[in-house]
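Trainee: Sending over a structure as C-alpha coordinates; questions will come in a sec.
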Amino acid sequence: MKKIILLATIFVAALQNIAFCQNSNAVNNAIGKLKTILTDHMVEKAFLHFDRPYPDYVAGEMLYFKAYVTMGERHQPSTISNILHVDLIDKNDVLMRNISVQLTNGTGWGDFNLPDTLQKGTYRIRAYTQYMRNEKNPYYFDQFISVSSINNVDRVAENTGRGLKPDMQFFPEGGNLVTDMPAKVAFKAIGTNGLGINVKGVLVDNEHKEVAKIASTHLGMGEFSFIPEAGKTYKAMVTFGNGTQVALNLPAIQQKGTTLSVNTDDPTKIAIEIRANRDYYRENVNKQLNLLVYYGGALKHYTPKLDNGVLGLDLPASSFPTGIVKVTLLAENGEPLNERLVFIQNPDLLNLPHPQILSLAQRFPSLPEQLPMLLSKAFRS
(Lines give C-alpha, C1' and ligand atoms only; values in the text may rest on other atoms or scores of the structure.)
Protein backbone atom coordinates (compact mmCIF):
# COMPACT_ATOMS: atom_id res chain seq x y z
CA MET A 1 0.00 0.00 0.00
CA LYS A 2 2.84 2.38 0.89
CA LYS A 3 4.47 1.67 -2.48
CA ILE A 4 1.24 2.56 -4.29
CA ILE A 5 0.94 5.85 -2.38
CA LEU A 6 4.61 6.64 -3.06
CA LEU A 7 4.22 5.89 -6.78
CA ALA A 8 1.04 8.01 -6.93
CA THR A 9 2.84 10.90 -5.23
CA ILE A 10 5.76 10.67 -7.65
CA PHE A 11 3.34 10.47 -10.61
CA VAL A 12 1.41 13.58 -9.50
CA ALA A 13 4.67 15.48 -8.90
CA ALA A 14 5.89 14.46 -12.36
CA LEU A 15 2.66 15.67 -13.95
CA GLN A 16 2.94 19.01 -12.13
CA ASN A 17 6.56 19.32 -13.24
CA ILE A 18 5.59 18.58 -16.87
CA ALA A 19 2.75 21.10 -16.71
CA PHE A 20 5.07 23.73 -15.23
CA CYS A 21 7.70 23.08 -17.90
CA GLN A 22 5.07 23.33 -20.62
CA ASN A 23 3.77 26.64 -19.22
CA SER A 24 7.31 27.94 -18.79
CA ASN A 25 8.24 26.85 -22.31
CA ALA A 26 5.14 28.54 -23.75
CA VAL A 27 6.02 31.84 -22.09
CA ASN A 28 9.71 31.60 -23.02
CA ASN A 29 8.84 30.75 -26.63
CA ALA A 30 6.50 33.75 -26.82
CA ILE A 31 9.17 36.04 -25.35
CA GLY A 32 11.78 34.63 -27.73
CA LYS A 33 9.55 35.24 -30.74
CA LEU A 34 8.81 38.77 -29.55
CA LYS A 35 12.52 39.53 -29.17
CA THR A 36 13.15 38.12 -32.65
CA ILE A 37 10.49 40.40 -34.11
CA LEU A 38 11.96 43.40 -32.30
CA THR A 39 15.51 42.75 -33.49
CA ASP A 40 15.10 41.10 -36.91
CA HIS A 41 11.85 42.56 -38.28
CA MET A 42 11.94 46.24 -39.21
CA VAL A 43 8.63 48.10 -39.31
CA GLU A 44 8.27 51.28 -41.36
CA LYS A 45 6.04 54.17 -40.27
CA ALA A 46 5.12 57.32 -42.20
CA PHE A 47 4.17 60.81 -41.06
CA LEU A 48 3.29 63.95 -43.02
CA HIS A 49 3.86 67.45 -41.64
CA PHE A 50 1.47 69.89 -43.36
CA ASP A 51 2.15 73.55 -44.12
CA ARG A 52 -0.36 74.78 -41.53
CA PRO A 53 -1.13 73.73 -37.95
CA TYR A 54 -4.75 72.82 -38.75
CA PRO A 55 -5.41 70.99 -42.05
CA ASP A 56 -8.10 73.43 -43.30
CA TYR A 57 -7.85 74.42 -46.97
CA VAL A 58 -9.83 76.21 -49.65
CA ALA A 59 -10.42 74.72 -53.10
CA GLY A 60 -7.81 76.10 -55.50
CA GLU A 61 -5.03 76.28 -52.89
CA MET A 62 -1.80 74.31 -52.81
CA LEU A 63 -1.32 71.78 -50.02
CA TYR A 64 2.35 71.44 -49.09
CA PHE A 65 3.83 68.78 -46.82
CA LYS A 66 7.08 67.29 -45.59
CA ALA A 67 7.25 63.51 -45.29
CA TYR A 68 9.07 61.46 -42.67
CA VAL A 69 9.49 57.68 -42.88
CA THR A 70 11.08 55.84 -39.95
CA MET A 71 12.08 52.24 -39.35
CA GLY A 72 12.33 50.10 -36.24
CA GLU A 73 11.17 50.76 -32.72
CA ARG A 74 13.67 53.59 -32.25
CA HIS A 75 12.15 55.45 -35.22
CA GLN A 76 15.39 55.93 -37.08
CA PRO A 77 15.23 57.48 -40.59
CA SER A 78 14.34 54.66 -42.94
CA THR A 79 16.85 53.28 -45.39
CA ILE A 80 14.43 50.58 -46.58
CA SER A 81 12.24 52.57 -48.99
CA ASN A 82 13.12 55.32 -51.45
CA ILE A 83 9.57 56.13 -52.60
CA LEU A 84 6.54 57.23 -50.56
CA HIS A 85 3.08 57.06 -52.16
CA VAL A 86 0.63 59.78 -51.12
CA ASP A 87 -3.09 59.60 -51.97
CA LEU A 88 -5.87 62.18 -51.92
CA ILE A 89 -9.18 60.38 -51.18
CA ASP A 90 -12.69 61.81 -51.10
CA LYS A 91 -15.43 61.16 -48.53
CA ASN A 92 -16.67 58.15 -50.54
CA ASP A 93 -13.20 56.52 -50.35
CA VAL A 94 -12.60 57.20 -54.05
CA LEU A 95 -8.96 57.83 -54.99
CA MET A 96 -8.73 61.29 -56.57
CA ARG A 97 -4.98 61.79 -56.91
CA ASN A 98 -1.77 59.90 -56.24
CA ILE A 99 1.77 61.22 -56.21
CA SER A 100 5.13 59.56 -55.54
CA VAL A 101 7.61 61.34 -53.26
CA GLN A 102 11.34 60.69 -53.48
CA LEU A 103 12.82 59.91 -50.04
CA THR A 104 16.35 60.76 -48.99
CA ASN A 105 17.39 59.42 -45.59
CA GLY A 106 13.72 58.95 -44.74
CA THR A 107 12.54 62.46 -45.63
CA GLY A 108 10.91 64.07 -48.65
CA TRP A 109 8.69 66.95 -49.80
CA GLY A 110 5.55 67.10 -51.89
CA ASP A 111 2.36 69.03 -52.66
CA PHE A 112 -1.18 68.67 -53.97
CA ASN A 113 -2.95 71.22 -56.13
CA LEU A 114 -6.53 71.28 -54.83
CA PRO A 115 -8.75 72.06 -57.88
CA ASP A 116 -10.95 75.14 -57.54
CA THR A 117 -13.91 72.93 -58.55
CA LEU A 118 -13.40 70.74 -55.49
CA GLN A 119 -16.60 70.41 -53.47
CA LYS A 120 -16.76 71.47 -49.88
CA GLY A 121 -16.27 68.60 -47.46
CA THR A 122 -13.84 66.31 -45.68
CA TYR A 123 -11.07 64.54 -47.57
CA ARG A 124 -8.33 62.14 -46.57
CA ILE A 125 -4.57 62.09 -47.12
CA ARG A 126 -2.99 58.62 -47.01
CA ALA A 127 0.73 57.90 -47.22
CA TYR A 128 2.54 54.56 -47.42
CA THR A 129 5.49 52.71 -48.91
CA GLN A 130 5.36 49.46 -50.86
CA TYR A 131 7.28 47.80 -48.01
CA MET A 132 4.45 48.64 -45.58
CA ARG A 133 1.99 46.70 -47.72
CA ASN A 134 3.71 43.46 -46.66
CA GLU A 135 2.54 43.97 -43.08
CA LYS A 136 -0.65 42.44 -41.70
CA ASN A 137 -1.36 45.73 -39.86
CA PRO A 138 0.62 48.36 -41.80
CA TYR A 139 1.40 51.76 -40.28
CA TYR A 140 -0.11 53.89 -43.02
CA PHE A 141 -0.33 57.61 -42.37
CA ASP A 142 -3.99 58.66 -42.49
CA GLN A 143 -5.15 62.25 -41.93
CA PHE A 144 -8.46 63.99 -42.60
CA ILE A 145 -8.40 67.47 -44.10
CA SER A 146 -11.22 70.00 -44.41
CA VAL A 147 -11.79 71.75 -47.74
CA SER A 148 -14.01 74.82 -48.20
CA SER A 149 -15.43 75.67 -51.60
CA ILE A 150 -14.31 79.06 -52.92
CA ASN A 151 -17.56 79.60 -54.82
CA ASN A 152 -19.90 77.67 -52.48
CA VAL A 153 -20.66 75.14 -55.21
CA ASP A 154 -21.43 72.55 -52.56
CA ARG A 155 -23.49 74.04 -49.77
CA VAL A 156 -23.34 71.84 -46.70
CA ALA A 157 -25.32 72.36 -43.51
CA GLU A 158 -23.21 73.96 -40.81
CA ASN A 159 -24.23 71.34 -38.29
CA THR A 160 -22.78 68.18 -39.83
CA GLY A 161 -23.50 66.33 -36.62
CA ARG A 162 -27.26 66.92 -36.74
CA GLY A 163 -29.13 63.93 -35.33
CA LEU A 164 -25.99 62.58 -33.61
CA LYS A 165 -25.22 62.54 -29.90
CA PRO A 166 -21.96 62.96 -28.01
CA ASP A 167 -20.28 59.77 -26.86
CA MET A 168 -18.10 58.73 -23.94
CA GLN A 169 -15.51 55.96 -23.62
CA PHE A 170 -14.17 54.37 -20.42
CA PHE A 171 -10.65 52.99 -19.92
CA PRO A 172 -10.03 51.09 -16.66
CA GLU A 173 -6.37 51.16 -15.67
CA GLY A 174 -4.81 47.84 -16.61
CA GLY A 175 -7.80 46.98 -18.78
CA ASN A 176 -10.14 45.37 -16.22
CA LEU A 177 -12.57 46.19 -13.43
CA VAL A 178 -12.29 43.49 -10.75
CA THR A 179 -14.53 42.87 -7.74
CA ASP A 180 -13.25 44.42 -4.48
CA MET A 181 -10.19 45.93 -6.19
CA PRO A 182 -9.58 49.72 -6.18
CA ALA A 183 -10.13 50.93 -9.75
CA LYS A 184 -9.00 54.05 -11.54
CA VAL A 185 -11.03 54.70 -14.70
CA ALA A 186 -10.01 57.24 -17.34
CA PHE A 187 -12.61 58.58 -19.76
CA LYS A 188 -12.85 60.53 -22.98
CA ALA A 189 -15.99 62.47 -24.03
CA ILE A 190 -16.34 63.14 -27.76
CA GLY A 191 -18.74 65.62 -29.36
CA THR A 192 -20.61 65.23 -32.64
CA ASN A 193 -17.73 66.96 -34.44
CA GLY A 194 -15.28 64.29 -33.28
CA LEU A 195 -13.52 66.63 -30.83
CA GLY A 196 -13.38 66.52 -27.05
CA ILE A 197 -16.35 67.99 -25.18
CA ASN A 198 -16.76 68.89 -21.51
CA VAL A 199 -18.76 66.45 -19.41
CA LYS A 200 -19.82 66.14 -15.78
CA GLY A 201 -22.02 63.80 -13.79
CA VAL A 202 -22.01 60.94 -11.28
CA LEU A 203 -21.35 57.22 -11.20
CA VAL A 204 -24.23 55.21 -9.67
CA ASP A 205 -24.75 51.53 -8.88
CA ASN A 206 -27.79 49.39 -9.70
CA GLU A 207 -29.45 50.69 -6.53
CA HIS A 208 -29.03 54.28 -7.81
CA LYS A 209 -26.56 55.13 -5.04
CA GLU A 210 -23.89 57.66 -5.96
CA VAL A 211 -20.45 56.07 -6.03
CA ALA A 212 -18.18 58.74 -7.55
CA LYS A 213 -18.18 62.19 -9.14
CA ILE A 214 -17.34 62.56 -12.84
CA ALA A 215 -15.92 65.78 -14.32
CA SER A 216 -13.63 66.32 -17.30
CA THR A 217 -10.53 68.44 -16.80
CA HIS A 218 -9.17 68.92 -20.33
CA LEU A 219 -10.64 68.34 -23.81
CA GLY A 220 -13.29 65.97 -22.48
CA MET A 221 -10.76 63.82 -20.62
CA GLY A 222 -10.59 62.96 -16.93
CA GLU A 223 -10.63 60.12 -14.41
CA PHE A 224 -12.50 58.84 -11.38
CA SER A 225 -11.89 56.11 -8.80
CA PHE A 226 -14.12 53.61 -7.01
CA ILE A 227 -14.17 50.02 -5.70
CA PRO A 228 -16.48 47.65 -7.64
CA GLU A 229 -18.62 45.43 -5.42
CA ALA A 230 -19.73 41.87 -6.08
CA GLY A 231 -23.12 41.51 -7.75
CA LYS A 232 -23.41 45.18 -8.69
CA THR A 233 -23.46 47.01 -12.03
CA TYR A 234 -22.59 50.65 -12.59
CA LYS A 235 -23.76 53.48 -14.82
CA ALA A 236 -22.40 56.94 -15.57
CA MET A 237 -25.18 59.56 -15.51
CA VAL A 238 -23.59 62.47 -17.35
CA THR A 239 -24.38 65.82 -18.95
CA PHE A 240 -22.28 66.95 -21.92
CA GLY A 241 -21.25 70.51 -22.61
CA ASN A 242 -24.04 70.94 -25.20
CA GLY A 243 -26.70 69.98 -22.63
CA THR A 244 -27.23 66.38 -23.80
CA GLN A 245 -27.88 63.96 -20.94
CA VAL A 246 -27.18 60.22 -21.21
CA ALA A 247 -26.76 57.12 -19.04
CA LEU A 248 -23.81 54.93 -20.02
CA ASN A 249 -22.89 51.47 -18.76
CA LEU A 250 -19.41 50.83 -17.42
CA PRO A 251 -17.50 47.73 -18.63
CA ALA A 252 -18.49 44.46 -16.98
CA ILE A 253 -16.99 43.62 -13.58
CA GLN A 254 -14.78 40.51 -13.35
CA GLN A 255 -15.59 38.34 -10.32
CA LYS A 256 -11.98 37.20 -10.03
CA GLY A 257 -8.85 38.63 -11.55
CA THR A 258 -5.91 40.99 -11.24
CA THR A 259 -5.34 44.70 -11.65
CA LEU A 260 -2.20 46.49 -12.80
CA SER A 261 -1.31 50.08 -11.95
CA VAL A 262 1.75 52.10 -12.92
CA ASN A 263 2.69 55.34 -11.19
CA THR A 264 5.31 57.86 -12.33
CA ASP A 265 4.55 60.69 -9.89
CA ASP A 266 8.10 60.24 -8.63
CA PRO A 267 10.16 61.08 -11.77
CA THR A 268 13.03 58.88 -10.58
CA LYS A 269 11.14 55.59 -10.72
CA ILE A 270 8.35 53.58 -12.32
CA ALA A 271 6.21 52.16 -9.51
CA ILE A 272 4.34 49.03 -10.64
CA GLU A 273 1.65 47.48 -8.45
CA ILE A 274 -0.12 44.15 -9.09
CA ARG A 275 -3.25 43.31 -7.10
CA ALA A 276 -5.16 40.01 -7.05
CA ASN A 277 -8.61 39.81 -5.53
CA ARG A 278 -9.45 37.11 -2.99
CA ASP A 279 -10.89 34.53 -5.40
CA TYR A 280 -8.02 34.80 -7.89
CA TYR A 281 -5.40 34.74 -5.14
CA ARG A 282 -6.81 31.55 -3.58
CA GLU A 283 -6.70 29.74 -6.93
CA ASN A 284 -3.22 30.93 -7.92
CA VAL A 285 -1.30 31.43 -4.69
CA ASN A 286 2.49 30.99 -5.09
CA LYS A 287 2.23 30.71 -8.87
CA GLN A 288 4.71 32.57 -11.03
CA LEU A 289 3.55 35.62 -12.97
CA ASN A 290 5.30 37.12 -15.97
CA LEU A 291 5.77 40.87 -16.24
CA LEU A 292 6.97 42.17 -19.61
CA VAL A 293 8.27 45.73 -19.89
CA TYR A 294 8.62 46.80 -23.52
CA TYR A 295 10.23 50.05 -24.64
CA GLY A 296 11.95 51.39 -27.75
CA GLY A 297 12.68 47.99 -29.29
CA ALA A 298 13.92 46.41 -26.04
CA LEU A 299 12.22 43.96 -23.66
CA LYS A 300 12.67 43.22 -19.96
CA HIS A 301 11.15 40.15 -18.32
CA TYR A 302 10.37 39.83 -14.61
CA THR A 303 8.89 36.78 -12.83
CA PRO A 304 7.23 37.81 -9.55
CA LYS A 305 5.64 35.07 -7.40
CA LEU A 306 2.04 35.54 -6.32
CA ASP A 307 2.79 35.07 -2.59
CA ASN A 308 0.75 38.09 -1.57
CA GLY A 309 -2.46 39.79 -2.68
CA VAL A 310 -0.45 42.94 -3.47
CA LEU A 311 2.90 42.88 -5.28
CA GLY A 312 5.08 45.93 -5.88
CA LEU A 313 8.03 46.55 -8.17
CA ASP A 314 10.00 49.80 -8.55
CA LEU A 315 12.12 50.30 -11.67
CA PRO A 316 14.58 53.21 -12.03
CA ALA A 317 13.28 55.64 -14.64
CA SER A 318 16.84 56.39 -15.70
CA SER A 319 17.11 52.90 -17.23
CA PHE A 320 14.49 53.83 -19.85
CA PRO A 321 14.73 56.43 -22.62
CA THR A 322 12.13 59.17 -22.82
CA GLY A 323 9.05 57.79 -24.52
CA ILE A 324 6.26 55.24 -24.16
CA VAL A 325 6.73 52.08 -22.08
CA LYS A 326 4.27 49.17 -22.33
CA VAL A 327 3.82 46.97 -19.24
CA THR A 328 2.09 43.60 -19.76
CA LEU A 329 1.16 41.08 -17.07
CA LEU A 330 0.87 37.39 -18.04
CA ALA A 331 -0.29 34.41 -16.00
CA GLU A 332 1.99 31.43 -15.41
CA ASN A 333 0.65 29.75 -18.55
CA GLY A 334 1.20 32.87 -20.68
CA GLU A 335 -2.42 34.07 -20.61
CA PRO A 336 -2.56 37.90 -20.86
CA LEU A 337 -4.05 39.44 -17.71
CA ASN A 338 -3.43 43.20 -17.81
CA GLU A 339 -1.65 45.84 -19.83
CA ARG A 340 -0.74 49.47 -19.22
CA LEU A 341 0.96 52.19 -21.25
CA VAL A 342 2.98 54.87 -19.48
CA PHE A 343 5.01 57.84 -20.71
CA ILE A 344 8.49 58.32 -19.25
CA GLN A 345 9.98 61.81 -19.20
CA ASN A 346 13.70 61.84 -18.50
CA PRO A 347 16.13 64.78 -18.72
CA ASP A 348 17.70 63.30 -21.87
CA LEU A 349 16.32 65.71 -24.48
CA LEU A 350 18.32 68.34 -26.32
CA ASN A 351 18.40 71.62 -24.42
CA LEU A 352 18.32 74.10 -27.31
CA PRO A 353 18.41 77.88 -26.86
CA HIS A 354 15.20 79.79 -27.48
CA PRO A 355 15.12 81.08 -31.12
CA GLN A 356 14.97 84.74 -30.04
CA ILE A 357 17.94 84.30 -27.69
CA LEU A 358 19.86 82.43 -30.39
CA SER A 359 19.22 85.27 -32.84
CA LEU A 360 20.51 87.75 -30.24
CA ALA A 361 23.68 85.70 -29.75
CA GLN A 362 24.31 85.65 -33.51
CA ARG A 363 23.96 89.43 -33.72
CA PHE A 364 26.33 89.96 -30.77
CA PRO A 365 29.04 87.28 -31.01
CA SER A 366 31.00 88.89 -28.17
CA LEU A 367 28.44 87.66 -25.60
CA PRO A 368 29.75 84.98 -23.18
CA GLU A 369 29.38 81.49 -24.63
CA GLN A 370 27.07 80.19 -21.86
CA LEU A 371 24.82 83.26 -21.76
CA PRO A 372 22.35 82.20 -24.51
CA MET A 373 21.61 78.90 -22.72
CA LEU A 374 21.19 80.60 -19.35
CA LEU A 375 18.84 83.20 -20.84
CA SER A 376 16.85 80.43 -22.55
CA LYS A 377 16.30 78.62 -19.25
CA ALA A 378 15.15 81.85 -17.63
CA PHE A 379 12.89 82.59 -20.60
CA ARG A 380 11.18 79.18 -20.35
CA SER A 381 10.73 79.40 -16.58
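The values are calculated or read from the model by the stated rules, or taken from the named source; none is laboratory data. Bear in mind the structure is a predicted one, so any value in this text is a computation, not a measurement. No Cβ is skipped: glycine too gets one built from the backbone with ideal geometry, and neighbour counts run over all protein chains shown. Quick note on the areas: whole protein, heavy atoms, side chains included, nothing else; ligands and nucleic acids left out. Shrake-Rupley method; radii C 1.70, N 1.55, O 1.52, S 1.80 Å.
Trainee: How many residues does segment 99-126 contain that are part of a loop (DSSP other than H, G, I, E, B) and closer than 22 Å to PRO138 by Cβ?
Mentor: Final tally of qualifying residues: 3.
Trainee: Could you check how many residues of segment 214-233 are part of a strand (DSSP E or B) and either among the β-branched types (Val, Ile, Thr) or open to solvent by less than 20 Å² (accessible area, probe 1.4 Å) (or both)?
Mentor: 4
Trainee: Looking at (1) surrounded by fewer than 15 Cβ atoms within 10 Å (Cβ to Cβ); (2) in contact with a Gly (Cβ under 7 Å, 6 or more places away or on another chain), find the lone condition where ALA236 falls short.
Mentor: (1)
Trainee: From the list LEU95, LEU88, LEU63, which residue is over 26 Å from the mean Cα position of the chain (by Cα), closer than 16 Å to ALA46 by Cβ and of a type outside the set (S, T, N, Q)?
Mentor: The conditions single out LEU88.
Trainee: Same structure again: Name the residues in segment 246-279 that are β-branched (Val, Ile, Thr) and part of a loop (DSSP other than H, G, I, E, B), would you?
Mentor: Matches in segment 246-279: THR264, THR268.
Trainee: Which numbered condition trips up TYR294, out of (1) in a strand (DSSP E or B); (2) open to solvent by less than 60 Å² (accessible area, probe 1.4 Å); (3) within 19 Å of VAL178 (Cβ to Cβ)?
Mentor: Checking TYR294 against (1) in a strand (DSSP E or B); (2) open to solvent by less than 60 Å² (accessible area, probe 1.4 Å); (3) within 19 Å of VAL178 (Cβ to Cβ), the one that fails is (3).
Trainee: Any idea which of THR122, THR117, THR129 is in contact with a Leu (Cβ under 8 Å, 6 or more places away or on another chain) and over 11 Å from ALA67 (Cα atoms)?
Mentor: So the residue among THR122, THR117, THR129 that is in contact with a Leu (Cβ under 8 Å, 6 or more places away or on another chain) and over 11 Å from ALA67 (Cα atoms) is THR129.
Trainee: ASP348 is checked against (1) under 16 Å from ARG74 (Cα atoms); (2) of a type outside the set (Ser, Thr, Tyr); (3) modelled with pLDDT of 90 or more and fails just one. What number does that condition carry?
Mentor: Against the list (1) under 16 Å from ARG74 (Cα atoms); (2) of a type outside the set (Ser, Thr, Tyr); (3) modelled with pLDDT of 90 or more, ASP348 comes up short only on (3).
Residue-by-condition table, conditions (1) over 30 Å from TYR294 (Cβ atoms); (2) open to solvent by less than 30 Å² (accessible area, probe 1.4 Å):
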{"position": "ASP56", "(1), (2)": "yes, no"}
{"position": "LEU63", "(1), (2)": "yes, yes"}
{"position": "ALA67", "(1), (2)": "no, yes"}
{"position": "THR79", "(1), (2)": "no, no"}
{"position": "ILE83", "(1), (2)": "yes, no"}
{"position": "ASP90", "(1), (2)": "yes, no"}
{"position": "ASP93", "(1), (2)": "yes, no"}
{"position": "SER100", "(1), (2)": "yes, no"}
{"position": "ASN105", "(1), (2)": "no, no"}
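Trainee: So, one more: Name the single residue that is farthest from the chain's Cα centre (by Cα) among those in segment 187-224 being among the aliphatic types (A, V, I, L, M) and within 30 Å of SER146 (Cα to Cα).
Mentor: VAL199
Residue-by-condition table, conditions (1) in contact with a Phe, Trp or Tyr (Cβ under 8 Å, 6 or more places away or on another chain); (2) surrounded by 14 or more Cβ atoms within 10 Å (Cβ to Cβ); (3) at pLDDT 95 or above; (4) under 30 Å from VAL43 (Cβ atoms):
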{"residue": "ALA212", "(1), (2), (3), (4)": "yes, yes, yes, no"}
{"residue": "GLU273", "(1), (2), (3), (4)": "no, yes, yes, no"}
{"residue": "PHE320", "(1), (2), (3), (4)": "yes, yes, no, yes"}
{"residue": "VAL325", "(1), (2), (3), (4)": "yes, yes, no, yes"}
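Trainee: Then there is this: Only residues in segment 47-70 that are at positive phi count as the first member; pair them with residues that are open to solvent by less than 50 Å² (accessible area, probe 1.4 Å) and not in a strand (DSSP E or B), Cβ under 7 angstrom, at least 6 apart or cross-chain, and list the lot.
Mentor: What qualifies is GLY60/LEU114.
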